[in-house]
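The values are calculated or read from the model by the stated rules, or taken from the named source; none is laboratory data. Owing to the predicted nature of the structure, the values given are computational and were not obtained by experimental measurement. Glycine gets a Cβ as well: all are built from the backbone with ideal geometry, and neighbour counts include every protein chain shown.
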Amino acid sequence: MAGVNGSDAGDADDSPGRADGPPEPEAASVALDGVGKTYPGDGDGGAVRALDDVSFSVADGEFVCLVGPSGCGKTTLFRIAAGLTEATDGRVLLDGTEVTGPTTDMGVVFQEYHLFPWLTVAENVGFGLERSDRSPAEREARVDEMLDLVGLTEFRDAYPKSLSGGMKQRVAIARSLAVDPSLLLMDEPFGAVDAQTREMLQRELLDVWASTGKTVLFVTHDVAEAVTLADRVVVMAADPGRVREIVDVDVERPRERGDAAFAEYVGRVRELIGAGP
Amino acid sequence: MATETASPVGEGDAFASAGLGDGRRLLRGAVGVAAFLVVWHAVSLTQDPFVLPSPVAVAGAFASELASGDMTAALSQSVRHWVPGTIAGTGLGVAAGVAFGWSRLLDDLTAPLVRTLRPVPPLALIGFAIAWFGINDWGAAFIIAVGAFWINFYAAYGAVEGVSEDLLDVGRTLGVRGDLDAVRSIVLPASLPGIMTGIRTGLGRCWMLVVASEIFGVPGVGREIIRASNNLRVDRAIAYILVLSLMYLLVDVAFRAVERRALAWRA
């Protein structure tokens, strides 16, 4: 039951989405293999099983969204995938190599932006580059390229305090992409901006995805967002957090929210989330 | 819609407060001082000069001390205590605060010592100042350094403790490795506002400590205040107290300008 093979978990209509067989890390950009997390209790029992046997993989260049009810451990799973939290069981493989800590091969974007407030927009974007072996000229060119990608060239010398939420998140995305990671990990990145900005950022992210070919693992609680963005939606269940089903979103992009097929997928994912333990 | 909240940086909004609104504040301040001087003068007419000299007498004492060169001599002596004491105390305090705030191991090792030494007032260490340095500039500087140390230690310690874990996580995903890199590239800049507040508080406290540091006989402004008081020359004592106040004001204004510049990124 453990493994979910990314390539054939797709037939969402009649398969449970948890096909047997080992994951294929060779073909996948990132694979979660039996990941579990238990938070120890405070002496008198009460240990909490936050994640149990989570396995799925994201193929090279694929866009996968992770949705689930609150408390299903989405953020814990995200942190484990990013190497920021240690799993109790299982492992995360990035291009077949086990992830043991944060790596610049994964770009990480958080909901609350977490820009460095003492650095300008350009300096934020260049932060990771300072630790790379690029020459100063190459770094500057890369920063310019990233600022152009997210449309913030004219704000390069501004401090984050003077930016709107949407602009801050664009800086954060540019900062994570600057070091050219092979995988982009995003934890509810558009959860803190207004609806209009969110849709704009979603379109922009799809453009960036299309132009860079990055693999994306995107955590969200917004089902419509997941169906808008993802090739596949991993639906999680709570208590303990686990994969309920993986839904292939077989709709051409750009996707229109008014489409019948779109609404059908949204309804289906909502149903899976609401199905209880 | 996103762009309207954004403005190019580098504008002088640090000086915006020095515009018209500030003129009114200055005027009100001047009125307050004038009123205070009038009341002071009125009350002093009913008292002996050794209880409360008039502001005119204080101004006279100030002028004559300045003219004789005694005041500038005393000030230059005190500056020789204040500068090394403040620099050493601030530097060590910030360094220790950052190190102990960042490293759990160092914090655990030193916590009992720190809690034992913290409540000791600098004045209580005069014996050590004399024994270790002698009745000289270094002894006085030591007393000042102790005072500066604790203020800066706790300010830096608290500021480092308050650095967001999330920023450190972001740093790690962008290649920050090891304590030194993390402290240099994230912890220090993130805690700079708290550290600066500590330094500023310490600068003022060190001028207060000038009096304590000269109580055991080292010459300087503090010594002059103590001597004038002992001789019931309250006008002279107040004149020298004014010197400390003026020095504090000068240093504080200068430091605030530095602070504004260094923290221009702050909301």
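A few remarks follow.
- A:G101 vs. criteria at pLDDT 90 or above, within 8 Å of another protein chain (Cβ to nearest Cβ), over 25 Å from A:I273 (Cα atoms) and outside any loop (DSSP other than H, G, I, E, B): no
- With respect to the conditions (1) surrounded by fewer than 18 Cβ atoms within 10 Å (Cβ to Cβ); (2) in contact (Cβ under 8 Å) with a residue 12 or more places away in the chain, A:E145 lacks only one, and its number is (2).
Residue-wise test of (1) at pLDDT below 95; (2) among the polar types (S, T, N, Q).
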residue	(1), (2)
B:D166	yes, no
B:D179	yes, no
B:S191	no, yes
B:I195	no, no
B:L209	yes, no
B:A212	yes, no
B:I215	yes, no
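- A:D180 meets all of the listed conditions (1) surrounded by fewer than 18 Cβ atoms within 10 Å (Cβ to Cβ); (2) more than 18 Å from A:T104 (Cβ to Cβ); (3) within 14 Å of chain B (Cβ to nearest Cβ); (4) not polar (S, T, N, Q) but one, namely (2).
- The residues on offer are B:A156, B:A140, B:A148, B:A182, and the sole one that is over 19 Å from the mean Cα position of the chain (by Cα), on the phi < 0 side of the Ramachandran plot and part of a helix (DSSP H, G or I) is B:A182.
- Meets criteria (hydroxyl-bearing (S, T, Y), surrounded by 18 or more Cβ atoms within 10 Å (Cβ to Cβ) and more than 14 Å from chain B (Cβ to nearest Cβ)) for A:S135: no
- Residues in the range B:188-226 that are among the β-branched types (V, I, T), more than 15 Å from the chain's Cα centre (by Cα) and surrounded by 21 or more Cβ atoms within 10 Å (Cβ to Cβ) were compared, and the one that is farthest from B:R266 (Cα to Cα) is B:V218.
- Of the candidates B:L244, B:L232, B:L209, B:L250, the single residue that is under 27 Å from B:A59 (Cβ atoms) and free of Cβ contacts under 8 Å to residues at least 12 places away in the same chain is B:L250.
- Verdict on A:A237 being within 12 Å of chain B (Cβ to nearest Cβ) and either in contact with a strand residue (DSSP E or B) (Cβ under 7 Å, 6 or more places away or on another chain) or at positive phi (or both): no
- Boolean, A:V143 is among the β-branched types (V, I, T) and outside any helix (DSSP H, G or I): no
- Taking every residue in the range A:226-252 that is touching a residue at least 60 places away in the same chain (Cβ under 8 Å) and over 16 Å from A:A59 (Cβ atoms) and pairing it with any residue that is assigned to a loop (DSSP other than H, G, I, E, B) and hydroxyl-bearing (S, T, Y), at least 6 positions away or on another chain, the pairs with Cβ-Cβ distances below 8 Å are A:A226/A:T220; A:A238/A:S70.
- Among the residues here, B:G175 qualifies as in a loop (DSSP other than H, G, I, E, B), under 30 Å from A:D180 (Cα atoms) and within 14 Å of chain A (Cβ to nearest Cβ).
Yes or no, residue by residue, for (1) within 7 Å of another protein chain (Cβ to nearest Cβ); (2) over 23 Å from A:M106 (Cα atoms):
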| residue | (1), (2) |
| --- | --- |
| A:E154 | no, yes |
| A:D157 | yes, yes |
| A:K161 | yes, yes |
| A:M167 | yes, no |
| A:I173 | no, no |
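- Condition met for B:S229 (in a helix (DSSP H, G or I), touching a helix residue (DSSP H, G or I) at 6+ places or on another chain (Cβ under 9 Å) and exposed (fewer than 14 other Cβ atoms within 10 Å of the Cβ)): no
- Applying the condition of being among the hydrophobic types (A, V, I, L, M, F, W, C), more than 14 Å from every other protein chain (Cβ to nearest Cβ) and over 10 Å from A:V219 (Cβ atoms) to the range A:65-91 and asking which residue is surrounded by the most Cβ atoms within 10 Å (Cβ to Cβ) yields A:C72.
- Among (1) closer than 25 Å to B:R177 by Cα; (2) part of a loop (DSSP other than H, G, I, E, B); (3) of a type outside the set (S, T, N, Q), the one test that A:V171 misses: (2)
- Candidates in the range A:108-128 are the residues that are in contact with a strand residue (DSSP E or B) (Cβ under 9 Å, 6 or more places away or on another chain) and either more than 7 Å from chain B (Cβ to nearest Cβ) or at positive phi (or both); of these, the one that is surrounded by the most Cβ atoms within 10 Å (Cβ to Cβ) is A:V109.
- A:A261 falls short of the stated requirement of being of a type in the set (G, A, S) and within 17 Å of A:P189 (Cβ to Cβ).
- Yes/no for B:T197 being free of Cβ contacts under 8 Å to residues at least 60 places away in the same chain and more than 14 Å from every other protein chain (Cβ to nearest Cβ): yes
- Meets criteria (under 26 Å from B:V210 (Cβ atoms) and either exposed (fewer than 13 other Cβ atoms within 10 Å of the Cβ) or modelled with pLDDT of 90 or more (or both)) for B:A96: yes
- Residue satisfying all of: in the range B:253-267; over 21 Å from the mean Cα position of the chain (by Cα) and in contact (Cβ under 8 Å) with a residue 40 or more places away in the chain; surrounded by the most Cβ atoms within 10 Å (Cβ to Cβ) among these: B:A264
- Enumeration of residues in the range B:179-194 that are within 24 Å of A:F78 (Cα to Cα) and within 11 Å of chain A (Cβ to nearest Cβ): B:I186
- Residues in the range B:134-166 that are within 13 Å of another protein chain (Cβ to nearest Cβ) and surrounded by fewer than 20 Cβ atoms within 10 Å (Cβ to Cβ): B:S164, B:E165, B:D166.
- Any hit, the range B:172-181, residues being under 28 Å from A:H114 (Cβ atoms), surrounded by fewer than 18 Cβ atoms within 10 Å (Cβ to Cβ) and in contact with a Pro (Cβ under 7 Å, 6 or more places away or on another chain): no
- Of all residue pairs spaced 6 or more apart or on separate chains, those with beta-carbon atoms under 6 Å, a first member in the range A:210-224 that is at pLDDT below 95 and among the small types (G, A, S) and a second member that is surrounded by fewer than 24 Cβ atoms within 10 Å (Cβ to Cβ) and assigned to a helix (DSSP H, G or I) are A:A224/A:V266.
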